[in-house]
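Asker: Here you go, one structure.
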Amino acid sequence: MKCPRCKTTAAVALPSHNAGFCPECFKVFFSRQVAKAIKERQLFSKEDKILIALSGGKDSLALARELQLQGYNTAGLHMDLAIPGSSDKARDHVERFCRDFGVDLHVLEMEKEGLPIPVVEKKFNRPVCSLCGRIKRYYFNKFALDHGFNVLATGHNLDDEAARLFSNVMRWDVSHLGSQGPDLPAEQGFVRKVKPLYRLSEFETANYSFLAGIDYCYSPCPYSKGASFTYYKTLLDELEYEQPGRKISFYEGFLNRGRQAFARQDEQQGGKPRPCPGCGYPTTGEICGICRIREIMGSKE
Ligand code: AMP
Ligand code: FES
Ligand code: ZN
């Protein structure tokens, strides 16, 4: 196969785009997909102050590098979750990346916040991933607001987003369907949240990271084994193999034609958020989810 841009031998095949690019043109392709997502969904502009959540994996590091190259005003935030054998490695990759590429980095240590994930895991009698996700979202938002960032960007890619959409549809989770997307606007107490890699697959972000010389962290979280999400990703990969382009059309179709209907139902269902009496975070409950976690963490067995 020949690269359609420069006619040299293609190195990265992209069946969903019916093309294959040489390494240099692949980086141009990647960059254009990110620029298209930013423009089409009006994610942010050069005036915005963007905080990028950096896990140390291929997606968030690729995102940080690409937004830096496109001239956006960015800084990174890493959350050290204190998971033995995993968090040290992730933090090390983030710190090295930021040093090598000149990205401003902030690190939040969950040990210091009193919420190290292994301790949370022991205290609660349920899978820790959803609690961990909730803790991360809380601190991403809080850190951005406290430090003057008006946009929070995460490295979620097309595979993440399509699998989440599939999972929400399987459960007809109206509330989550109403609020899923790469472009969640700011609301009282919440910073704007964006996912500029939503047009790019995991395979594409891995290739980009490799070609851009990014040394990313491979090791998956030890608590993520057997998650239903991983199974949905496999299912969607099979579908994509048989019908190239399915994932992006499923997800974009939802954004363009499905999401609005769920947003209305979501508004009717949810109450109006009020500030949590414990920490000021917006919540529809008596106290917010994180204060509730802290309460249970502080209680006796
Ligand atoms: P995941 O849920 O692990 O697939 O991560 C999705 C996105 O959340 C990543 O691309 C990052 O932007 C962000 N993220 C996940 N874990 C962390 C972390 N420990 N610190 C900072 N950002 C993170
Ligand atoms: Fe939070 Fe795995 S990253 S439980
Ligand atoms: Zn609270």
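The values are calculated or read from the model by the stated rules, or taken from the named source; none is laboratory data. Fair warning: this is a prediction, and the values are worked out from it, not measured in the lab. FYI the Cβ positions are ideal-geometry reconstructions off the backbone, even for glycines, and counts take in every protein chain you see.
Asker: Take Val107 and decide whether it is within 14 Å of ligand 1 (Cβ to nearest atom), assigned to a loop (DSSP other than H, G, I, E, B) and touching a strand residue (DSSP E or B) at 6+ places or on another chain (Cβ under 6 Å).
Answerer: Spelling it out, it is not the case that Val107 is within 14 Å of ligand 1 (Cβ to nearest atom), assigned to a loop (DSSP other than H, G, I, E, B) and touching a strand residue (DSSP E or B) at 6+ places or on another chain (Cβ under 6 Å).
Asker: So which pairs qualify, if the first residue must be in region 204-221 and closer than 12 Å to Pro23 by Cα, the second must be surrounded by fewer than 18 Cβ atoms within 10 Å (Cβ to Cβ) and not basic (Lys, Arg), the Cβ gap must be under 6 Å, and the two must be at least 6 apart or on different chains?
Answerer: Note: pairs meeting the criteria are Leu211/Pro23.
Asker: So Lys112 passes all but one of these: (1) out of contact with any helix residue (DSSP H, G or I) (no Cβ under 9 Å at 6 or more places or on another chain); (2) part of a helix (DSSP H, G or I); (3) at pLDDT 95 or above. Which condition number does it fail?
Answerer: So Lys112 meets the others, but not (2).
Asker: Wholly within region 119-188, which helices (runs of 4 or more DSSP H) include no fewer than the required count, namely at least 3 residues that are touching a helix residue (DSSP H, G or I) at 6+ places or on another chain (Cβ under 8 Å) and away from ligand 3 (no atom under 16 Å from the Cβ)? Break it down into steps so the answer makes sense when it comes.
Answerer: Numbers: elements: 128-146, 158-170, 174-178.
Correct list: 158-170, 174-178.
Asker: Next question. Condition first: of a type in the set (Phe, Trp, Tyr) and more than 25 Å from the chain's Cα centre (by Cα). Can you find one or more residues in region 20-29 that meet it?
Answerer: yes
Asker: While we're looking at this one, here's another question. Return the residues of region 1-34 that are over 13 Å from Ala212 (Cβ atoms) and of a type in the set (Lys, Arg); say none if nothing qualifies.
Answerer: Passing the criteria: Lys2, Arg5, Lys7, Arg32.
Asker: So if I check each of Val119, Val194, which one is in contact (Cβ under 8 Å) with a residue 40 or more places away in the chain and touching an Asp or Glu at 6+ places or on another chain (Cβ under 7 Å)?
Answerer: Numbers: Val119 fails: touching an Asp or Glu at 6+ places or on another chain (Cβ under 7 Å).
After ruling out the rest, the residue left standing is Val194.
Asker: Report yes if Met110 is aliphatic (A, V, I, L, M), in contact with a Pro (Cβ under 6 Å, 6 or more places away or on another chain) and at negative phi, otherwise no. Spell out the reasoning first.
Answerer: Numbers: aliphatic (A, V, I, L, M): yes; in contact with a Pro (Cβ under 6 Å, 6 or more places away or on another chain): yes; at negative phi: yes.
For Met110, the condition - aliphatic (A, V, I, L, M), in contact with a Pro (Cβ under 6 Å, 6 or more places away or on another chain) and at negative phi - is met.
Asker: Among the residues of region 149-157, is any in contact (Cβ under 8 Å) with a residue 40 or more places away in the chain and hydroxyl-bearing (Ser, Thr, Tyr)?
Answerer: Yes: region 149-157 contains one or more residues that are in contact (Cβ under 8 Å) with a residue 40 or more places away in the chain and hydroxyl-bearing (Ser, Thr, Tyr).
Asker: Taking the condition more than 16 Å from ligand 3 (Cβ to nearest atom) and in contact with an Asp or Glu (Cβ under 9 Å, 6 or more places away or on another chain), does Tyr208 pass? Reasoning before the result, please.
Answerer: On the way: more than 16 Å from ligand 3 (Cβ to nearest atom): yes; in contact with an Asp or Glu (Cβ under 9 Å, 6 or more places away or on another chain): yes.
Yes.
Asker: Follow-up. Which is within 16 Å of ligand 1 (Cβ to nearest atom) and over 30 Å from Met110 (Cα atoms), of Phe44, Phe30?
Answerer: After ruling out the rest, the residue left standing is Phe30.
Asker: Considering only region 43-50, I want to know if a residue exists there that is crowded, with 21+ Cβ neighbours inside 10 Å, among the aromatic types (Phe, Trp, Tyr), in a loop (DSSP other than H, G, I, E, B) and modelled with pLDDT of 95 or more.
Answerer: yes
Asker: Since Ala212 meets every condition but one in (1) within 19 Å of the chain's Cα centre (by Cα); (2) of a type in the set (Gly, Ala, Ser); (3) at pLDDT 90 or above, which condition does it not meet?
Answerer: Status for Ala212: all satisfied but (1).
Asker: If I ask for residues that are surrounded by fewer than 15 Cβ atoms within 10 Å (Cβ to Cβ) and within 16 Å of Leu81 (Cα to Cα), which ones from region 135-158 would you list?
Answerer: none
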